[in-house]
Amino acid sequence: MSTKEVIDLRSDTVTLPTEEMLEAIRHAELGDDVFGEDPTVNRLEEMAAAKMGKEAALLVTSGTQANLVSLMSNTRRGELVILEAEAHMYWYEVGGISAIAGLLPWPLKSPLGALDPRDVEAAIRPRNIHFPEPALICVENTHNRHGGTVITPNQIKAISDVAKAHGLKLYMDGARVFNAAVALKVDVKELTKHVDNLMFCLSKGLSCPVGSVVVGTREFIDKARKTRKVLGGGMRQAGIIAAPGIIALEKMIDRLEEDHRNARRLAVGIAKIEGISVNLDVVQTNMVLFDVSGLGVADELFLSELKENGVLALMNAKNKVRMVTHRGIEEEHVEKAITAIENVANELSPSLA
Ligand SMILES: Cc1ncc(COP(=O)(O)O)c(C=O)c1O
């Protein structure tokens, strides 16, 4: 990134493929994946299943499609799904959980994204003619709207115990599950072993241009493959998507640590700026949420001034800015971003400076 370039901290989805990924796309061995004949897709799916300690996997177009395919493959229409109140599936997936999957989402609040097993237990009402059948519990790891917070293996196990006791399935939206594994310094299987099935994204911190992967039992994935087809997600020479995915699984996981270090550096720098507050305990992976209410200005003005100063960010809620580190954001960009935020804060609220 040159000094003139914009520092884009809106999301880790803005990462571009590496040269090696582009080369792999160019040379990928291809076939028709709807016929199960794309060798590169098959290889990625086998690798993903092995990495997650599950029987099988399915490449899909996006995280949203992965969640929808998984919801539909885990449930029947009219059933009840327990999830965290800030879950991506509940907030940002265009209501597909109800509009397409026909499910009743049952949101439960939590302070940092990890469901309290006692709340889950309480939400599972007895079977009764008046109630929808509970079918599925969902966890999100890392938790996006809570600021990239990590759910630990023990927390997942506690929810899994409740799910099992009531005959429900447990699903993980693991869009950034490798960030969680890297932050906790555990093999990702520690995070997947207590869930029935999950998805993870290739197109976020792992730098792929497209794609997510659903993982679970062979039976579940066979069903998911058909569900993907009805949603129009059956792809043909999808090896061009799978090829960079293979490189992502081989080479892009360990470097997430760097993104986490940069997020912390960014958070610590921002925390020193007058009128802005950051809860450093919540900065656990590659996201930083900070509160700009102390500046007393409109969110849109803060973001547009920041953009003028060469830094892009998003709002997570009123007065709450979200920044995400990723490949392409180096220490120097973090320092520049901190300076830009400080300049904007001083400009907008000179009395605080
Ligand atoms: C936790 C989580 N789940 C699902 C998604 C959806 O992924 P996509 O944007 O690929 O549809 C996202 C996207 O940011 C996410 O953060």
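Out of Glu258, Glu305, I need the residue that is at pLDDT 95 or above, within 19 Å of the chain's Cα centre (by Cα) and open to solvent by 30 Å² or more (accessible area, probe 1.4 Å). Which one?
Working: Glu305 fails: within 19 Å of the chain's Cα centre (by Cα).
That would be Glu258, the only listed residue that is at pLDDT 95 or above, within 19 Å of the chain's Cα centre (by Cα) and open to solvent by 30 Å² or more (accessible area, probe 1.4 Å).
So, of the residues in the range 49-69 that are part of a loop (DSSP other than H, G, I, E, B) and over 14 Å from the mean Cα position of the chain (by Cα), which turns out to be farthest from Met172 (Cα to Cα)?
From the range 49-69, those part of a loop (DSSP other than H, G, I, E, B) are 53-55, 61-62; that's our starting set.
From the residues that got through so far, the ones that are over 14 Å from the mean Cα position of the chain (by Cα) too are 53-55, 61.
Working: Gly53: 14, Lys54: 13, Glu55: 16, Thr61: 18 Å.
Only one residue tops the list, namely Thr61.
Check off (1) in contact (Cβ under 8 Å) with a residue 40 or more places away in the chain; (2) open to solvent by 10 Å² or more (accessible area, probe 1.4 Å) for Ala271 and give me the number that stays unchecked.
Result: Ala271 passes all but (1).
If you take the residues of the range 118-136 that are buried (at least 19 other Cβ atoms within 10 Å of the Cβ) and more than 16 Å from the ligand (Cβ to nearest atom), which of them is nearest to Gly63 (Cα to Cα)? Walk me through it before giving the result.
In the first step, residues of the range 118-136 are kept if they are buried (at least 19 other Cβ atoms within 10 Å of the Cβ); the result is 120, 124, 134-136.
Adding the requirement that they be more than 16 Å from the ligand (Cβ to nearest atom) leaves 120, 124, 134-135.
Details: Val120: 24, Ile124: 27, Pro134: 24, Ala135: 21 Å.
If we take residues in the range 118-136 being buried (at least 19 other Cβ atoms within 10 Å of the Cβ) and more than 16 Å from the ligand (Cβ to nearest atom), then Ala135 is nearest to Gly63 (Cα to Cα).
I'd like to verify a number: residues in the range 202-233 that are of a type outside the set (Lys, Arg), within 15 Å of Val69 (Cα to Cα), within 15 Å of the ligand (Cβ to nearest atom) and touching a residue at least 24 places away in the same chain (Cβ under 8 Å), how many? Please lay out each step first, then the result.
So the first thing to find is which residues in the range 202-233 are of a type outside the set (Lys, Arg), and the list is 202-203, 205-217, 219-222, 224, 227, 230-233.
Filter again for within 15 Å of Val69 (Cα to Cα), leaving 211-217, 219-222, 224, 227, 230-233.
Still in the running and within 15 Å of the ligand (Cβ to nearest atom): 211-215, 231-233.
Checking the rest, the ones that are also touching a residue at least 24 places away in the same chain (Cβ under 8 Å) come to 211-215, 231, 233.
Total meeting the criteria: 7.
So, restricting to helices (runs of 4 or more DSSP H) that lie completely within the range 70-163, which ones have at least 1 residues that are of a type in the set (Val, Ile, Thr) and over 15 Å from the mean Cα position of the chain (by Cα)?
Working: elements: 88-91, 96-99, 117-123.
Hits in the range 70-163: 96-99, 117-123.
Would a scan of the range 160-178 turn up a residue that is under 22 Å from Leu115 (Cα atoms), touching a Leu at 6+ places or on another chain (Cβ under 7 Å) and open to solvent by 30 Å² or more (accessible area, probe 1.4 Å)? Quick ask: steps written out before the conclusion?
To start, the set of residues in the range 160-178 that are under 22 Å from Leu115 (Cα atoms) comprises 160-178.
Still in the list and also touching a Leu at 6+ places or on another chain (Cβ under 7 Å): 160, 163, 168-169, 171-172, 174, 177-178.
Narrowing further to those that are open to solvent by 30 Å² or more (accessible area, probe 1.4 Å): 169.
The answer is yes, given that some residue of the range 160-178 is under 22 Å from Leu115 (Cα atoms), touching a Leu at 6+ places or on another chain (Cβ under 7 Å) and open to solvent by 30 Å² or more (accessible area, probe 1.4 Å).
Sort through Ile240, Ile273, Ile338 and tell me the only one that's among the hydrophobic types (A, V, I, L, M, F, W, C) and in a loop (DSSP other than H, G, I, E, B). Lay out the reasoning, then the answer.
Values: Ile240 fails: in a loop (DSSP other than H, G, I, E, B); Ile338 fails: in a loop (DSSP other than H, G, I, E, B).
Only one candidate qualifies: Ile273.
The values are calculated or read from the model by the stated rules, or taken from the named source; none is laboratory data. Being a predicted model, the structure only gives us computed values, none of them experimental. FYI the Cβ positions are ideal-geometry reconstructions off the backbone, even for glycines, and counts take in every protein chain you see. Accessible surface areas use protein heavy atoms only, side chains included; no ligands, DNA or RNA. Shrake-Rupley method; radii C 1.70, N 1.55, O 1.52, S 1.80 Å.
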